[in-house]
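J.: I have a structure I would like to understand better, so I am pasting it below and will then ask my questions one at a time.
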Amino acid sequence: MKTEVLSGKTVSIHFVGRLYKGKNDRVQFLADEEMERMLRSFGLRNIPLRPIAEAVVERQALPPSKGKVVQMPKPFISVPLARVAAALLLPVLGGLGIFVADSWDAQDARMSAINLSDVVASYEPRFEGEAVPSWDDVEALDEPVSAPVAVKLSPVRPTTDEIGMPAGLDENPGLYMLVAGAFSVESNARVLANELVASGFSSEVFKQNGGLHIVTYATHVDEQSARVHLRKLRMQAISQNAWLKPWKVIR
């Protein structure tokens with residue numbers, strides 16, 4: 001702590017205050033908010049502290065007077081002031097004790113007021129090897145296990161209706177449509193189809209079973225030719241959002 005303060009850093013003491021390097025390389029103390037709040041709880045805003053070292057003023061020796069000596073009564077210390085002094089004394093002494101203890105080296109440990117005796121454990125862990133089971137233990141734990149009953153399952157062959165017809169046997173694969181849009185209102189679909197026809201497309205309107213009207217750029221029977229045409233459409237600005245849909249999925 002002393003090293004940190006002398007290096008220019010601020011050291012904080014919890015609920016007490018902060019130590020920092022002030023003018024003339026002297027250690028200064030600044031009270032924390034908790035300490036100021038505790039002082040205000042006693043009804044005091046600040047406490048006049050006496051300086052550590054008072055300036056010695058030389059006074060001229062005066063001849064002793066022969067008058068009557070009257071002793072003045074000692075000032076009465078109020079209870080709140082005594083409580084505040086006691087509350088300030090313990091944290092400050094604790095902080096100074098930690099500050100002084102950190103400045104001592106190992107060779108000065110004998111002069112420390114804190115007991116620095118080495119702590120020795122009162123027990124030591126005992127390590128034991130894992131016990132190896134013998135044949136007697138294995139025979140004692142051995143229990144008869146019933147053999148599983150073998151169940152023969154006859155394979156169930158799926159029917160043709162469940163599998164479906166192969167793709168090669170489908171005589172009518174349907175149409176492959178290059179879709180331009182879909183509308184629930186037929187008049188809107190017709191308007192788009194007329195605009196596409198005026199632009200040079202072979203546009204048609206197909207009605208889906210759900211009532212949706214599909215507007216196409218063109219239709220193809222062969223999937224390969226439909227995909228080639230789709231790539232050409234997407235290269236144009238007017239038909240860059242076209243997509244491919246087979247008639248069997250839409251129908």
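J.: SER203's amide H: which non-local residues (gap 5+, or another chain) put their own amide H closer than 5 Å, with H modeled 1.01 Å from N in plane and none for Pro or chain starts?
T.: Here VAL197 satisfy the definition.
J.: Rounded, prolate or oblate: which fits the range 173-250 when a ≥ b ≥ c are the square roots of the eigenvalues of the alpha-carbon gyration tensor, with rounded for a/c under 1.5 and prolate only if a/b beats b/c?
T.: Here the range 173-250 falls in the oblate category.
J.: Can you compute 3J(HN,Hα) from phi for each residue in the range 241-246, using the Karplus curve 6.51 cos²θ - 1.76 cosθ + 1.60 with θ = phi - 60°, rounded to whole Hz and x for Gly and Pro?
T.: 9, 5, 9, 9, 9, x
J.: Could you give the length gained on full extension between ASN24 and ALA82, defined as 0.36 nm per residue of separation minus the Cα-Cα distance, in nm?
T.: Length difference between fully extended and current span is 17.6 nm.
J.: Run the simple label-point estimate for SER225 and GLU36 please: 7 Å along Cα→C-beta, distance reported in nm.
T.: According to this spin-label approximation, the distance is 9.1 nm.
Coordinate-derived values only; no laboratory data. Predicted model, so just to flag it, every value in this text is computed and none were measured. No Cβ is skipped: glycine too gets one built from the backbone with ideal geometry, and neighbour counts run over all protein chains shown.
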